[in-house]
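Heads up, the thing below is written out as structure tokens.
The values are calculated or read from the model by the stated rules, or taken from the named source; none is laboratory data. For clarity, every value in this text was computed on a predicted model and none was experimentally measured. Glycine gets a Cβ as well: all are built from the backbone with ideal geometry, and neighbour counts include every protein chain shown. Areas reflect the complete protein model, heavy atoms only, side chains present, ligands, DNA and RNA absent. Shrake-Rupley method; radii C 1.70, N 1.55, O 1.52, S 1.80 Å.
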Amino acid sequence: QVFQTASEKVETECLAALHALSACLSRSVLSSDTEDLLDSFLSSILQDCRHHLCEPDMKLVWPSAKLLQAAASASLRAYHRVTSSVLPLLLEQYTKHPQSSQRRTIMEMLLGFLELQQKWGRVEEDASTLLSLQAQVCSVVFSALTDSSVQLQLVGIRALTVLGSLQGFLSPSDLELVVDHLIRVTLHEEDSQSSEAAMEAAGTLAPIYPKVFSGRMVPRLEEELQSGVSSSERDEESSRDCSSLRQRCLQALAAVSTHTSIVRETVPVLLQHLRKVQKGREAGSARDVVFVCQSLHRVALQCQQDVESCWFYHQAVVPCLLAMAVQAAVQESARPLLDKVLLEEEVLAAMVPVISAATTHLSPELAAQSVSHVVPLFLDGEVSFLPQNNFPCSFQPFQDGECLEAQRRLVALLMAFICSLPRNVVIPQQERLLRELLALTCSCNCPFTATTAAKCFAGLVNKHPAGQQLDEILQLAVNTLEPSLAEGPRRMQALTLLLWVTKALVLRYHPLSSRLTDKLLGLLGDTELGPAAADGFALLMAESPDVLHKGCHADVRIMFRQRFFTDNVPKLVQGFHGAGPDVKANYLKGLSHVLNHLPKPVLVTELPTLLSLLLEALSCSDRVVQLSTLSCLQPLLLEAPQIMSLHVETLVTKFLSLTSSPTMAVRIAALRCVHALTSLPTAVLLPYKARVIRALAKPLDDKKRLVRKEAVAARGEW
């Protein structure tokens, strides 16, 4: 059956049956005068399959390998019997076939048997065929890593990972070779797939052999990183190569940081490299700093489950990042621009997830210890806990003055830290901090600073215990907001604060949230702020990446989206019908954002009342509204075909019209909807078949490949 069937289901059942027979016979009791039934059974399978592994055309290789692996996986005894016959043969065939494609097939079969050995744990010296073939297996796997074929390299890296995880299989000299191969592929292999696979393999094996990786791989990566930054004058191509090598070194240092002892080696290397970029000893750029931050972020995520690693990382990285950023912010304006690279928005945005990930998994005791240093730093300029804290002037981000603009930008780092603390950590001087953040949001001229201060304020408000203190600070926020929203030069900043505070309260079901949401609904009719207020509904409903999500311990109630929908969609619909023609699109945009983030089962139940409005939204000229509505309708075509069938004429017309939109994303979304229409009952679709196929001929010639791809798929279904 396995050799002849075209059905995957039949093949799967056959292999399961063969495995069950092998397992059953493995449990049979042996005595000296009876036949070993398992041995006889496996011998017949080997007789049927073994010769196919040697055929030059390799036609029946895979069915044979699957049969042998199904039988071998039943028990350790079955595994030893099959591998003693098959492994030497596969190694011989690998040497015989020079072509990379054939070698890859053989390597994948070998990998299958190696993974079965993983199932049984330690390699037993007395019974294991694998151990007797150790030198040959290592030689074959190492040769795959040096092959020019990327696909063969990838299988070789997977095999290497399995060999490394087999306890007692690799000798110390083999281990050193493994590390050397991984370093070479990681840093010098042209194809990024191979490089990334080698990094993943290093990360998997490092906790098993921490001494080898910290003693051999980390110093080599550090050396390459230094050589990549030390040379002075280079031509453009050479400079690009060095930048690529630096990036790979940084990624590899992060990937291998999967054991506490290695983290203690790699984190100082990454921080030292960051200092060099900041001090301008190399061609420092925002991109270089972002690369280091991405690597530090990956290390932080890998440290989170280990208490010792987490605290070491937090103590090493957070004060260091804060110190470098404060140093850059307080420097005199006459200093060269290289020193200011840490103040660029792109760089600060990359530092935020590093500090956040370093903080979210701290124990409450350690978090309290850390917060007692960080809050006084921002409120009182208390820098004594920072390394290298001999700054030319004081750090006062909440003070007034044009010259302090750079310092205020660092509120982004305060947000990353303080909004990631566990909820039960007491924040010193919290009321004062909230007032300072509120004042900064409404008075600052820099949109980046104003937004991060608003997010920080919202993050604190979301976790603040209910009571009089919270009510007072919220009342102060409303009193500050209302006049700024009504008129003046900072209406947009006031709207940003309104959105983030509303989100903080909506998530925790605070009673004031409905009053603030009504204020937001009222702004949809404002010609100046209306479009931004409409986009704000996406902010309210979507998961925020840096604050106000469960990962940073925010107070998020389980069905807040459904509740928001029930309370506010009727008001949006009513507002749309009563609005003037110049602001109607704002209501449609707000509605489509809410519906887009709603769980689909809830949306299906409300569909009959909302569908006519969604269809009207497709005629809106705003591409955000079009895109949002299309992405909302596509799953509904699959989940509510009966309701959608009633409007098929309108749907076909609107979707086909949007396949000619000037915006590529809208054309792609419209074609996906045309594709999804084919899930409606056939009888409903047949009258439109010829028209749709004709209309889809045009996007087949679209200048964008992604559009052509969707057009081919949709037209094929029709």
**OP:** Would you be able to say whether some residue in region 587-596 is assigned to a loop (DSSP other than H, G, I, E, B) and either open to solvent by 60 Å² or more (accessible area, probe 1.4 Å) or closer than 28 Å to Ala669 by Cα (or both)?
**Re:** no
**OP:** Filter region 597-644 down to residues that are closer than 18 Å to Thr566 by Cβ and among the charged types (D, E, K, R) and give me whichever is least open to solvent (accessible area, probe 1.4 Å).
**Re:** Lys600
**OP:** Only one of these is touching a residue at least 24 places away in the same chain (Cβ under 8 Å), outside the structural domain of Leu588 (by the TED database) and out of contact with any Pro (no Cβ under 7 Å at 6 or more places or on another chain): Ala454, Ala534, Ala542. Name it.
**Re:** Ala454
Subject >> Residue list for region 555-570, restricted to those being over 27 Å from the mean Cα position of the chain (by Cα) and either surrounded by fewer than 17 Cβ atoms within 10 Å (Cβ to Cβ) or not in a helix (DSSP H, G or I) (or both) >> reply: Arg563, Thr566, Asp567, Pro570
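Rundown of residues vs (1) among the aliphatic types (A, V, I, L, M); (2) crowded, with 21+ Cβ neighbours inside 10 Å; (3) farther than 21 Å from Ala23 by Cα; (4) modelled with pLDDT of 85 or more, yes/no style:
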residue: Pro56; (1), (2), (3), (4): no, no, yes, no
residue: Ser64; (1), (2), (3), (4): no, yes, no, yes
residue: Gln102; (1), (2), (3), (4): no, no, yes, yes
residue: Leu145; (1), (2), (3), (4): yes, yes, yes, yes
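Test of understanding: among Leu671, Leu658, which residue is surrounded by 17 or more Cβ atoms within 10 Å (Cβ to Cβ) and either modelled with pLDDT under 95 or in contact with a His (Cβ under 8 Å, 6 or more places away or on another chain) (or both)?
Details: Leu671 fails: either modelled with pLDDT under 95 or in contact with a His (Cβ under 8 Å, 6 or more places away or on another chain) (or both).
Going through Leu671, Leu658 in turn, the sole match is Leu658.
Tell me the residue from Ala458, Ala466, Ala450 that is within 30 Å of Gln574 (Cβ to Cβ) and either of a type in the set (Gly, Ala, Ser) or part of a helix (DSSP H, G or I) (or both), please.
It is Ala458.
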Original post:
surrounded by 14 or more Cβ atoms within 10 Å (Cβ to Cβ) and either in contact with a strand residue (DSSP E or B) (Cβ under 6 Å, 6 or more places away or on another chain) or outside any helix (DSSP H, G or I) (or both) - does that describe any residue in region 14-36?
Top reply: yes
Original post:
From the list Gln193, Gln151, which one is more than 21 Å from Val292 (Cα to Cα) and either at pLDDT 90 or above or surrounded by fewer than 16 Cβ atoms within 10 Å (Cβ to Cβ) (or both)?
Top reply: Gln151
Original post:
For Thr146, are the conditions met, namely being more than 19 Å from His259 (Cβ to Cβ) and without any contact (Cβ under 8 Å) to a residue 40 or more places away in the chain?
Top reply: yes
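Given region 345-445, what helices (runs of 4 or more DSSP H) lie entirely inside it while holding 2 or more residues that are at pLDDT 90 or above?
Working: elements: 345-359, 364-380, 405-408, 411-418, 430-443.
Of the helices (runs of 4 or more DSSP H) lying wholly inside region 345-445, those with at least 2 residues that are at pLDDT 90 or above span 345-359, 364-380, 411-418, 430-443.
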**OP:** Kindly provide the set of residues from region 556-585 that are without any contact (Cβ under 8 Å) to a residue 24 or more places away in the chain and closer than 18 Å to Thr609 by Cα, ordered by number.
**Re:** Thr566, Pro570, Gln574, His577, Gly578
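Being closer than 24 Å to Ser661 by Cα and either at pLDDT 85 or above or not polar (S, T, N, Q) (or both) narrows it down to one of Leu603, Leu598, Leu630, so name that one. Lay out the reasoning, then the answer.
Working: Leu603 fails: closer than 24 Å to Ser661 by Cα; Leu598 fails: closer than 24 Å to Ser661 by Cα.
Exactly one residue qualifies, and that residue is Leu630.
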